[in-house]
Structures are given as structure tokens and as C-alpha cells.
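Written below as C-alpha cells is the structure these notes are about.
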Amino acid sequence: MKHNQSGEDYLEAILLLSGELEDVHQIEVARKMGVSQPAVLKALKILKTNGYIVTDGLHIFLTDEGRRYAEEVYHRHCTIREFLIAHGVNEQDADTDACEMEHCVSAATFAAMEKFVKQSK
């Protein structure tokens, strides 16, 4: 999956939920994403086909590749968010904008943002 916004959003949601909950279920993903369970089911089928998740019928688990990819997306999100806040954007707008930008920012632009954030700490 190369920068598929929807798929990346689902992976990120599953990653965050897996850090909060003992078990991740379809209903929690639907709530976190603000979508219907059938929409989650459709996305999970695609993620499963691509090797990013496995399920046992009730629980959703990231594969090693899925976890790596989800962590990469979440890292982009957090870095962009921090960059925007450092430039005076309020936290809520920075989070909303980072959620969109994490999918489309070029590698060169992200590297510059990441460098700025690291140097600012």
C-alpha cells in the first residue's frame, strides 16, 4: 500500500487502539474512525489481503509489516503535528492538518520537517 490515505488511517487507528486496549475489535475501529462497521470490514479485508493484519474472527492484530507501516504513518503524523505547533498553529488544527498531510507530504519535505523538530528539542 503506497500512501493509501484510507488504509493508512485504518492502520494508524489499529496501532493506537492496540496500545490502549488488550484486544482490538471491529467496533472499536469503527468508533475511532467514525465510520460504519461494514466500512471497517471492507477496509480490513484489503489490509488482510495486503498482509498488514490478521484476524481470528473477533480480534484484529497487526502483522510485523503492518506494525512497521502503521508506526511509520504515526511517526509522520506526530512529526508534522509538532512542526506545525512549533510554527504557531494551535494544537487542534495542527492535529487535523497533520492527519491530512501525513499522506501526501514528499520525502524531502518530511525530512526537512523532521530535522527542524529534532533540532528544536
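Numbers at a glance
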| read-out | value |
| --- | --- |
| Positions within segment 19-30 being outside any helix (DSSP H, G or I) and buried (at least 19 other Cβ atoms within 10 Å of the Cβ), in sequence order | VAL24 |
| Tally of residues being modelled with pLDDT under 95, surrounded by fewer than 18 Cβ atoms within 10 Å (Cβ to Cβ) and either in a helix (DSSP H, G or I) or touching a helix residue (DSSP H, G or I) at 6+ places or on another chain (Cβ under 8 Å) (or both) across segment 2-18 | 2 |
| Qualifying residue in segment 75-87 (condition: surrounded by 17 or more Cβ atoms within 10 Å (Cβ to Cβ) and touching a strand residue (DSSP E or B) at 6+ places or on another chain (Cβ under 6 Å)) | no |
| Checking LEU58 against (1) more than 20 Å from GLN5 (Cβ to Cβ); (2) part of a helix (DSSP H, G or I); (3) open to solvent by 90 Å² or more (accessible area, probe 1.4 Å), the condition it does not meet | (2) |
| Residue list for segment 89-106, restricted to those being open to solvent by less than 30 Å² (accessible area, probe 1.4 Å) and either farther than 14 Å from GLN5 by Cα or touching a Gly at 6+ places or on another chain (Cβ under 6 Å) (or both) | ALA94 |
| Yes/no for ARG67 being within 30 Å of SER120 (Cβ to Cβ), open to solvent by 50 Å² or more (accessible area, probe 1.4 Å) and modelled with pLDDT of 95 or more | yes |
| Residue within segment 47-56 that is touching a His at 6+ places or on another chain (Cβ under 7 Å), at pLDDT 95 or above and of a type in the set (A, V, I, L, M) present | no |
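The values are calculated or read from the model by the stated rules, or taken from the named source; none is laboratory data. Remember, predicted model here, so these are calculated numbers, not experimental data. Neighbour counts are summed over all protein chains in view; Cβ atoms, including those assigned to glycine, are modelled from backbone coordinates with ideal geometry. These accessible areas exclude ligands, DNA and RNA; they are computed on the full protein's heavy atoms, side chains included. Shrake-Rupley method; radii C 1.70, N 1.55, O 1.52, S 1.80 Å.
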